[in-house]
1. Of everything in region 36-53 that's part of a loop (DSSP other than H, G, I, E, B) and not hydroxyl-bearing (Ser, Thr, Tyr), which residue is surrounded by the most Cβ atoms within 10 Å (Cβ to Cβ)?
2. So how many residues does region 1-20 have that are of a type in the set (A, V, I, L, M) and over 19 Å from Pro98 (Cα atoms)?
3. Within region 112-122, restricting attention to residues that are buried (at least 17 other Cβ atoms within 10 Å of the Cβ) and touching a strand residue (DSSP E or B) at 6+ places or on another chain (Cβ under 8 Å), which residue is farthest from Ala168 (Cα to Cα)?
4. If I filter region 2-19 for residues that are in a helix (DSSP H, G or I), open to solvent by 20 Å² or more (accessible area, probe 1.4 Å), free of Cβ contacts under 8 Å to residues at least 40 places away in the same chain and farther than 30 Å from Leu142 by Cβ, do I get at least one hit?
5. Would you mention how many residues in region 140-166 are part of a helix (DSSP H, G or I), of a type outside the set (D, E, K, R) and open to solvent by 90 Å² or more (accessible area, probe 1.4 Å)?
6. Out of Ala27, Ala79, Ala109, Ala62, I need the residue that is in a strand (DSSP E or B), modelled with pLDDT of 95 or more and either small (Gly, Ala, Ser) or under 30 Å from Leu142 (Cα atoms) (or both). Which one?
7. Are any of the residues in region 93-100 assigned to a strand (DSSP E or B) and in contact (Cβ under 8 Å) with a residue 24 or more places away in the chain?
8. Among (1) open to solvent by less than 40 Å² (accessible area, probe 1.4 Å); (2) over 17 Å from the mean Cα position of the chain (by Cα); (3) not β-branched (Val, Ile, Thr), there is one condition Arg72 misses while meeting the rest; what is its number?
Amino acid sequence: MAEQQHYVACLDLQGRSCVVVGSGKMAQEKVDGLRASGAIVTIVDPRDYRANDLDGIWLVIAATSDDELNRRISADAEARRVFCNIADVPDLCSFILPALHRRGPITVAVSTGGASPALAQWLRDSFASQIGLEHEQLAGDLRERRPWAKQNLSSYEERRDYFRELVAQALA
């Protein structure tokens, strides 16, 4: 049987309702990450969780050690077509969270498909150590050029080649 392959995406959660079920350090890390992306976060104590806590939300993250509760949250989310992450239980997730490092507009994300968060974190740190201020500044400069390129270069291929050349020149 082939291993699960995930479709990797960066979500725009600005102003979108999300729920974190849990308490403690891990739950707070999830809340902080969601809020940093602009999400509107409701925190639900595991003892108070009800299926209707998931009504009208975009995604839920459960950070609990209660296996039965985690299975309920996963099933409730699936029934409502709500994206669900159960921390450290990839089989109950409809999405998993990579190990992240952010520097300005640059985000390094590493995933092992849920196999080993420790390995993903080690790899993230290794890659992140290679990203310096010059890369952050270059990303900002390239962002400023995007409107000009969109207006003056008619095809995707022309824009791709233009930006590849700028990057190659800047990092040579």
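1. So in region 36-53, the residues part of a loop (DSSP other than H, G, I, E, B) come out as 37-39, 45, 49-50.
Still in the list and also not hydroxyl-bearing (Ser, Thr, Tyr): 38-39, 45, 50.
Details: Gly38: 11, Ala39: 23, Asp45: 11, Arg50: 10.
That would be Ala39.
2. Initial filter on region 1-20 (of a type in the set (A, V, I, L, M)): 1-2, 8-9, 11, 13, 19-20.
Okay, now just the ones that are also over 19 Å from Pro98 (Cα atoms), so 1-2.
Summing the residues that are of a type in the set (A, V, I, L, M) and over 19 Å from Pro98 (Cα atoms) in region 1-20 gives 2.
3. Pro117
4. Looking for residues that are in a helix (DSSP H, G or I), open to solvent by 20 Å² or more (accessible area, probe 1.4 Å), free of Cβ contacts under 8 Å to residues at least 40 places away in the same chain and farther than 30 Å from Leu142 by Cβ, one finds none in region 2-19, hence no.
5. Step one: filter region 140-166 for residues part of a helix (DSSP H, G or I), giving 140-152, 156-166.
With of a type outside the set (D, E, K, R) added as a condition, the list becomes 140, 142, 147-149, 151-152, 156, 162-163, 166.
Remaining after also requiring open to solvent by 90 Å² or more (accessible area, probe 1.4 Å): 148, 151, 156.
The qualifying residues number 3.
6. On the way: Ala27 fails: in a strand (DSSP E or B); Ala79 fails: in a strand (DSSP E or B); Ala109 fails: modelled with pLDDT of 95 or more.
Exactly one residue qualifies, and that residue is Ala62.
7. Step one: filter region 93-100 for residues assigned to a strand (DSSP E or B), giving 99-100.
Within this subset, residues satisfying the condition of being in contact (Cβ under 8 Å) with a residue 24 or more places away in the chain are 99-100.
Looking through region 93-100, at least one residue is assigned to a strand (DSSP E or B) and in contact (Cβ under 8 Å) with a residue 24 or more places away in the chain.
8. Unmet for Arg72, out of (1) open to solvent by less than 40 Å² (accessible area, probe 1.4 Å); (2) over 17 Å from the mean Cα position of the chain (by Cα); (3) not β-branched (Val, Ile, Thr): (1).
The values are calculated or read from the model by the stated rules, or taken from the named source; none is laboratory data. Bear in mind that the values here come from a model prediction, so they are computed numbers and not experimental data. Cβ: placed from backbone, ideal geometry, glycine included. Neighbour counts: every protein chain shown. Ligands, DNA and RNA are stripped out before the accessible areas are found, and what is left, the full protein with its side chains, is counted by its heavy atoms. Shrake-Rupley method; radii C 1.70, N 1.55, O 1.52, S 1.80 Å.
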